């Protein structure tokens, strides 16, 4: 398995970690930025989402630059992308942070 495919698989494995961090009630405290207070779990979830999104950009860049495009990558990469984004939307709807009708339009 080449590096771009490993990054895609890593992104898929990051999805349940993201779900657990942002959905399971845990009290890791809060962080304040001026007038905004953010739960540490929200910040960690955002970082996990950002890293997973970065792996999407990176795997495509590496695959094209090094000629490592594979049938697995052609299938799994867009699937992983959609799984990540849909998971984030579902979590946000479940927490009442985004209206379900907006997600229905986007998805």
*Counting only residues that are over 30 Å from residue 31 (Cβ atoms), part of a helix (DSSP H, G or I) and touching a helix residue (DSSP H, G or I) at 6+ places or on another chain (Cβ under 9 Å), how many does the range 66-86 have?*
6
*Of the conditions (1) over 17 Å from the mean Cα position of the chain (by Cα); (2) part of a helix (DSSP H, G or I); (3) more than 17 Å from residue 4 (Cα to Cα), residue 63 fails just one. Which one is it?*
(3)
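Tell me yes or no: at least one residue of the range 35-42 is outside any strand (DSSP E or B), surrounded by fewer than 16 Cβ atoms within 10 Å (Cβ to Cβ) and in contact with a strand residue (DSSP E or B) (Cβ under 8 Å, 6 or more places away or on another chain).
Looking through the range 35-42, at least one residue is outside any strand (DSSP E or B), surrounded by fewer than 16 Cβ atoms within 10 Å (Cβ to Cβ) and in contact with a strand residue (DSSP E or B) (Cβ under 8 Å, 6 or more places away or on another chain).
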*Does residue 92 count as assigned to a helix (DSSP H, G or I), surrounded by 11 or more Cβ atoms within 10 Å (Cβ to Cβ) and modelled with pLDDT under 95?*
yes
*Quick one: residue 101 ticks every box in (1) in contact with a strand residue (DSSP E or B) (Cβ under 6 Å, 6 or more places away or on another chain); (2) without any contact (Cβ under 8 Å) to a residue 12 or more places away in the chain; (3) surrounded by fewer than 13 Cβ atoms within 10 Å (Cβ to Cβ) except a single one, so which number is it?*
(1)
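The values are calculated or read from the model by the stated rules, or taken from the named source; none is laboratory data. Everything numeric here is computed off the predicted structure, so don't read it as measured data. As a convention, Cβ positions derive from the backbone with ideal geometry for all residues, glycine included, and neighbour counts pool all protein chains shown.
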